[in-house]
Amino acid sequence: MSAAKKSELGVTPLSEDVSAWYNELVFKAELADRGPAKGTMVIRPYGYRIWELLQEQLDQRFKDTGHVNAYFPLFIPQSYLQREAEHVEGFAPELAVVTHGGGKELEEPLVVRPTSETVIGEMYSRWITSYRDLPVLINAWNNVVRWELRPRIFLRTTEFLWQEGHTAHADQAEAMEETLRMFDVYAEFALNVAAIPMVKGEKTPTERFAGAVRTFTIEGMMRDGKALQSGTSHYLGTNFARAFDITYQDADNELQHVHTTSWGMSTRMIGAVILAHGDDQGLVLPPRLAPIQVVIVPIGRGEQGDAPRAKAHELAAELAAAGVRVHVDDRDASPGFKFNDWELKGVPLRVELGPRDLDAGQVLVAQRVGPIDDRGRPVKDTLSFERFVAGVPQRLDDYHDRLVVRAQAYLDEHRGRADDWDTFERLVRTGFADALHCGEEACEDDIKTATTASPRCIPTDGEPEEGACIRCGAPSAYGTRIVFARAY
RNA sequence: CGGGAUGUAGCGCAGCUUGGUUAGCGCGCCUCGUUCGGGACGAGGAGGUCGCCGGUUCGAAUCCGGCCAUCCCGACCA
């Protein structure tokens, strides 16, 4: 990263090198820092607040759909993982294993949970005996550890925070309904809270969760055209019920296995927000996840600044009372510095209040994403003191909608149908390609080798279509086009 | 684990080729003063086991050997 190529902010422009931009921005915006151990991250207050806001709003949706929260242990006896064949196979390479405790070697090693299907399966087998116990609708907020070979902050860290929902049902139909319900919750949340339109679909067998019968995913498009799996919902069938002997007696006195589901969204979602909305100026935060939705910058030094500063605090108090997350930037720094600083941090609305505005009884409002003048600076509009408190929430909602429209436009521009290999290769370099595929793993591998792109999902809203595989020409599988992209 | 690169102040870097005053620059930080409508300025100041271990030498940030760590590109993945 040559210093000369960096913008004034000291961040490599997004347009030049997305990877460098992302890394530098995460640190500069004080979202997170690297931990001392490889692959670990420290989530700093500004980044953690985003997580808290995400948690609050996602958790509310879980409650609204009938779920309750619980906590399950971090340590899992190694033998538990081994009970479900595909599950072990899938997770074995990325397990952290504790072999010693209290200064002695353990009789049985403990794995640090990479996910909790197994412990929860064990507990559910104890808790569930009758159809009257069903359904069990539990969610857990916790941390998990997966020994990643190539960590990237928020996107792939050895330890990450997430929620994992685990439900048990009497039959397949009800479990599938639950799986799809939570799948919809994720997509709705991504759109209405994170302002990211997602491509919804089902994972192909090769991309499926280890131990799942069906896996549904929301895939977001990042600013480099890569896909980011941002939330998954799994129908686990009776795989875990059989492995952990989770049975119930039905109304006819017959012993039945339960059907389980699991679903998760993680701190990776913060990475999605950064990569879906950010620009050369830095972060762009959707208002519903922004720790600070409105920053007020009083203008004027010393005595000249006293009145604007006082008014700024007065307006901030009123705005806070109206439920807006507002901050007055009182720092001893120049206005220009503050403007750039808050732009870097992605604050949606900036309010300027100087002596001139005070006289006019108004403030200037600049939007982080919005119309710009011929110097590339935001066009600032005015808002009178009287209309201020009422006007801001509306602007935040409009701003959210604008981010959605922008992200949707970006997705549409970078997604296309591929009917021949050249088109496929071209599309996949800059975005998503919808193409027919034979469904063979060897062919997927071949595509991956040739383009680094992989099947992201079978879109839920895909039109029925059959034909020849984009790569090998064999008859297509899945009954519709599937989405290929390079992925994080 | 393969390929590539880098370790010098909180951050970004120069110095190393050709060993030799007290290891330097920018940003940031601290103090004082002046400043404040798009990254202000002046003066003063704090901050370093030059990644670690060993070797060569009168003398090593610099040369040699080994080790460690980190980052980037691939294989695993929310």
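Would you work out the relative contact order for the range A:292-399, in percent, from Cα pairs under 8 angstrom that are 6 or more residues apart?
Computed over the range A:292-399, the figure is 28 percent.
Using only the Cα atoms, what convex hull volume per residue in Å³ does chain A have?
Here the figure is 185 Å³ per residue.
Report, to the nearest 10°, how far helix A:268-277 tilts away from the longest principal axis of the Cα atoms in chain A, using its own Cα long axis and a range of 0 to 90°.
It works out to around 50 degrees.
I need the calculated FRET efficiency for the pair A:Glu86 and A:Trp127, taking r as the beta carbon distance and R₀ as 25 Å, to the nearest 0.05. Walk me through the numbers before you get to the answer.
On the way: r = 24 Å, r/R0 = 0.97.
Taking R0 as 25 Å, the efficiency between A:Glu86 and A:Trp127 is 0.55.
Fully extended, how many nm does the chain gain between A:Ala317 and A:Thr449 (0.36 nm per residue separation, minus their Cα-Cα distance)?
41.8 nm
Label A:Glu465 and A:Asn340 with points 7 Å out from Cα along Cα→Cβ: what is the distance between them in nm?
Result for the modelled spin labels: 4.7 nm.
Sequence gap at least 6, Cα distance under 8 Å: using those rules, report the relative contact order of chain A to the nearest whole percent.
Contact order relative to length: 13 percent.
Between A:Arg150 and A:Leu255, what's the calculated FRET efficiency when r is the beta-carbon distance and R0 is 56 Å? Round to 0.05.
Computed FRET efficiency for A:Arg150 and A:Leu255: 0.75.
From the phi of every residue in the range A:59-68, what ³J(HN,Hα) in whole Hz does the Karplus formula 6.51 cos²θ - 1.76 cosθ + 1.60 yield, where θ is phi - 60° and glycine or proline is x?
Along the range A:59-68, the couplings run 4, 4, 5, 5, 4, 4, 9, x, 9, 10 Hz.
Would you kindly state how much longer the chain becomes between A:Glu440 and A:Arg301 on full extension, computed as 0.36 nm times their sequence separation minus their alpha carbon distance, in nm to one decimal? Intermediate values should be presented prior to the final figure.
Values: separation 139, 0.36 × 139 = 50.04 nm, distance 6.86 nm.
Here the answer is 43.2 nm.
Would you grab the residues whose amide H sits under 5 Å from the one on A:Gln293? Only those 5+ places off in sequence or on another chain, please, with H modelled 1.01 Å from N.
Amide H neighbours of A:Gln293, under 5 Å, 5+ apart: A:Arg325, A:Val326.
Given R₀ = 22 Å, FRET efficiency for A:Arg242-A:Arg181 by Cβ-Cβ distance, to 0.05? Present the calculation step by step, with values, prior to reporting the outcome.
Details: r = 24 Å, r/R0 = 1.09.
About 0.35, to the nearest 0.05.
Between the alpha-carbon centers of the range A:415-488 and the range A:213-227, tell me the distance in whole angstrom.
For the range A:415-488 versus the range A:213-227, the Cα centre distance is 14 Å.
Exactly which trypsin sites (Lys or Arg not before Pro) in the range A:283-340 are in a DSSP loop and have at most 15 other Cβ atoms within 10 Å?
Working: sites: A:Arg288, A:Arg301, A:Arg309, A:Lys311, A:Arg325, A:Arg331, A:Lys338; in loops: A:Arg301, A:Arg325, A:Arg331.
Qualifying residues, ordered by number: A:Arg301, A:Arg331.
On a full-extension model of 0.36 nm per residue, what is the gain between A:Gln55 and A:Arg406, subtracting their alpha-carbon distance, rounded to one decimal in nm?
That pair, A:Gln55 and A:Arg406, stretches by 123.9 nm at full extension.
So what is the relative contact order of the range A:3-277, in percent, for Cα pairs below 8 Å that sit 6 or more residues apart?
Relative contact order, the range A:3-277: 19 percent.
Exposed loop GluC sites (Glu not before Pro) only (DSSP loop, at most 15 other Cβ atoms within 10 Å): please give the longest stretch of chain A free of them, not including the sites. Mind dumping the intermediate values first?
Details: sites that count: A:Glu8, A:Glu16, A:Glu30, A:Glu254, A:Glu440, A:Glu465, A:Glu466.
So the longest stretch without any such site is A:31-253.
Give the residue list of chymotrypsin sites (Phe, Trp or Tyr not before Pro) in the range A:51-118 that are DSSP loop and have at most 11 other beta-carbon atoms within 10 angstrom.
Loop-located and lightly packed - A:Tyr71.
Rule-based calculations on the coordinates, nothing more; no lab input. As the structure is a prediction and not an experimental result, all values here were calculated from the model. Don't worry about glycine lacking a Cβ; one is built from the backbone with ideal geometry, like all the others, and counts go over all protein chains shown.
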